Amino acid sequence: MNIVFMGTPAFAVPSLEMLIEEGYNVAAVVTQPDRPQGRKKVLTPTPVKEAALRHGIPVLQPQRLRNPEAVAELAEYKPDLIVTAAYGQILPKSVLDLPPLGCLNVHGSLLPAYRGGAPIQRSIINGEKVTGITLMYMAEGLDTGDMIAKVEVPIEDEDTAGTMFDKLSIAGARLLKEQLPTLVQGKVAAEPQDESKATYAPNLTREDEKIDWSKTSRQIYDQIRGLVPYSGGFTLWNGDVFKVWACAKPDKGDQGKGDGEPGTVLEVSENGIVVKTGDGVLTLLTVQPSGKKAMDAAQFARGTSLAPGTVLT
């Protein structure tokens with residue numbers, strides 16, 4: 001049986017590695033094209049491509065999977081089953097119809113909640129306590145296919161998008177491993193999604209990274225966690241971008257504290273930068289002034305001109 005695997009980021013690698021370790025015949029891997037990375041814009045392969053090449057598996061990198069040439073190239077591998085995990089492009093009907101056993105997707109949420117490209121980040125940003133993995137058949141819509149199985153994964157208060165990506169990538173590989181023996185024998189019974197309960201998790205934008213100090217301390221804390229380690233949140237100090245990478249978890253004792261409008265800096269010390277929020281205060285632990293590297297509060301406090309009373313916007 002020929003399996004074609006489609007995925008791009010590190011999230012997808014454990015699922016690919018599991019298929020290889022379990023002895024499934026991964027005929028080809030489809031991933032996004034190499035992209036420039038870092039300040040020097042070095043053309044860099046995706047984590048899935050790197051994993052595939054380590055195992056000597058052919059790699060396809062079409063700019064657009066919808067192109068007839070890309071579909072024709074994929075069809076040459078005669079896939080019996082297509083498995084996807086965070087591939088990054090919507091599969092057209094011409095691809096969905098290729099494998100007789102269908103197309104499976106390892107999705108990073110408990111569908112029908114958080115359909116779309118950023119389910120993990122937005123689950124954290126929205127303060128969810130539980131997320132998970134849904135193994136599903138793919139359909140033409142955005143994460144609308146029938147659900148095969150789910151597994152729940154708690155979101156701890158200290159989790160970030162990075163730690164949850166790791167946890168969910170492993171959970172996804174395990175769920176896929178459990179379900180595949182039955183799936184490869186033919187399509188299994190699957191549960192349609194309840195459209196009335198569908199919510200969406202579109203890809204993050206620059207606006208999602210901007211801190212609104214009028215929100216509660218907990219909302220800002222969750223926002224930062226949902227953006228780390230990929231972009232961090234940001235505010236403006238003297239008109240320049242001032243990034244925030246880590247905060248102390250707010251507690252009930254922080255509520256009602258502090259005077260001044262939201263965004264007012266109340267204290268700058270080696271213990272943190274205390275900022276007024278909509279319902280109290282929040283202590284920033286790791287920050288990054290414009291043009292500098294990220295630094296902890298103690299390092300920042302030793303050389304900063306940021307004074308109490310300054311308003312971050």
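The values are calculated or read from the model by the stated rules, or taken from the named source; none is laboratory data. Model, not experiment: these values are computed from the prediction. Counting neighbours? That spans all protein chains shown, and the Cβs are built from the backbone with ideal geometry, glycine included.
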Residue match in the range 285-301 (condition: touching a helix residue (DSSP H, G or I) at 6+ places or on another chain (Cβ under 7 Å), of a type outside the set (V, I, T) and modelled with pLDDT of 95 or more): yes
Counted residues, the range 76-105 - those being loosely packed, with under 15 Cβ neighbours inside 10 Å and outside any loop (DSSP other than H, G, I, E, B): 1
Filtered residue count, the range 38-72, keeping only those that are under 26 Å from E21 (Cα atoms) and in a helix (DSSP H, G or I): 8
Any hit, the range 152-166, residues being under 21 Å from G23 (Cβ atoms) and either surrounded by fewer than 20 Cβ atoms within 10 Å (Cβ to Cβ) or touching a residue at least 40 places away in the same chain (Cβ under 8 Å) (or both): no
Residue under evaluation A52, criteria (1) surrounded by 13 or more Cβ atoms within 10 Å (Cβ to Cβ); (2) farther than 27 Å from T182 by Cα; (3) modelled with pLDDT of 95 or more, criterion not met: (2)
Selected residue (criterion: surrounded by the most Cβ atoms within 10 Å (Cβ to Cβ)) from residues of the range 37-49 that are closer than 14 Å to G7 by Cα and not hydroxyl-bearing (S, T, Y): V48
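Table: residues versus (1) small (G, A, S); (2) surrounded by 17 or more Cβ atoms within 10 Å (Cβ to Cβ); (3) modelled with pLDDT of 95 or more.
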{"residue": "I3", "(1), (2), (3)": "no, yes, yes"}
{"residue": "G7", "(1), (2), (3)": "yes, yes, yes"}
{"residue": "V13", "(1), (2), (3)": "no, yes, yes"}
{"residue": "L16", "(1), (2), (3)": "no, yes, yes"}
{"residue": "E22", "(1), (2), (3)": "no, no, yes"}
{"residue": "R35", "(1), (2), (3)": "no, no, no"}
Single unsatisfied condition, I125 versus (1) among the β-branched types (V, I, T); (2) crowded, with 18+ Cβ neighbours inside 10 Å; (3) under 23 Å from Q89 (Cα atoms): (3)
Residues of the range 141-187 that turn out to be in a loop (DSSP other than H, G, I, E, B), polar (S, T, N, Q) and within 17 Å of the chain's Cα centre (by Cα), as a count: 1
Strands (runs of 3 or more DSSP E) contained entirely in the range 211-313, each with at least 3 residues that are of a type outside the set (D, E), in contact (Cβ under 8 Å) with a residue 40 or more places away in the chain and more than 28 Å from I155 (Cβ to Cβ): 265-269
Pair list, Cβ < 9 Å and 6+ apart or interchain, from the range 102-125 residues that are under 15 Å from A171 (Cα atoms) to residues that are among the aromatic types (F, W, Y) and part of a loop (DSSP other than H, G, I, E, B): N105/Y87; H107/Y114; G108/Y114; I120/Y114
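Rundown of residues vs (1) surrounded by fewer than 19 Cβ atoms within 10 Å (Cβ to Cβ); (2) touching a residue at least 12 places away in the same chain (Cβ under 8 Å); (3) in contact with a Cys (Cβ under 7 Å, 6 or more places away or on another chain), yes/no style:
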position	(1), (2), (3)
G172	no, yes, no
A189	yes, no, no
P202	yes, yes, no
E209	no, yes, no
Qualifying residue in the range 36-46 (condition: in contact (Cβ under 8 Å) with a residue 24 or more places away in the chain and in the same structural domain as D146 (by TED's automatic domain parsing)): yes
